[in-house]
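**Q** Below are the structure tokens for one structure; questions will follow.
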Amino acid sequence: MKGRILFFSFIAFFSALFAAVTPAFASTTPDFPACSSPQGSTIASYDSGTHGIPGDSSTYTGSDTVYQVNESQVL
């Protein structure tokens, strides 16, 4: 009897858990110009130094230039 109660409790718990799930929708990926031919206005430029890229834990050394593509995108 305890096994049946535990089984039905388990089924009820997971049914309630999955009933509360809402679908997720992907956002549109923004378009960027190619790094080999950047566009926009220069907002930062360094001849040398240590640099990083958001989302990448590596560090890079050398020159770096940042361009403002539009009011919400930088390259």
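The values are calculated or read from the model by the stated rules, or taken from the named source; none is laboratory data. This structure is a prediction, so every number in the text was calculated from the model and none was measured. Because the Cβ atoms are built from the backbone with ideal geometry, glycine has one as well, and the counts that use them run over all protein chains shown. Ligands, DNA and RNA are stripped out before the accessible areas are found, and what is left, the full protein with its side chains, is counted by its heavy atoms. Shrake-Rupley method; radii C 1.70, N 1.55, O 1.52, S 1.80 Å.
**Q** Starting from segment 49-75, take each residue that is open to solvent by less than 80 Å² (accessible area, probe 1.4 Å) and list its partners that are acidic (Asp, Glu) and part of a strand (DSSP E or B), counting only C-beta distances under 9 angstrom and pairs at least six apart or across chains.
**A** Short answer, once both residue conditions are applied: 49/64; 51/64.
**Q** Let me ask you something else. Name the pairs whose Cβ atoms lie under 6 Å apart, with the first residue in segment 22-33 and at negative phi, the second of a type outside the set (Val, Ile, Thr) and in a loop (DSSP other than H, G, I, E, B), and 6 or more positions between them or separate chains?
**A** 32/75; 33/39
**Q** When only residues in segment 29-44 that are open to solvent by 70 Å² or more (accessible area, probe 1.4 Å) and not acidic (Asp, Glu) count, which is farthest from residue 71 (Cα to Cα)? I'd like the intermediate steps shown before the answer.
**A** If we filter segment 29-44 for residues that are open to solvent by 70 Å² or more (accessible area, probe 1.4 Å), which is where we start, we get 29, 31-32, 35-36, 39, 42-43.
Those left that are additionally not acidic (Asp, Glu): 29, 32, 35-36, 39, 42-43.
On the way: 29: 16, 32: 13, 35: 18, 36: 21, 39: 13, 42: 13, 43: 12 Å.
By that ranking, first place goes to 36.
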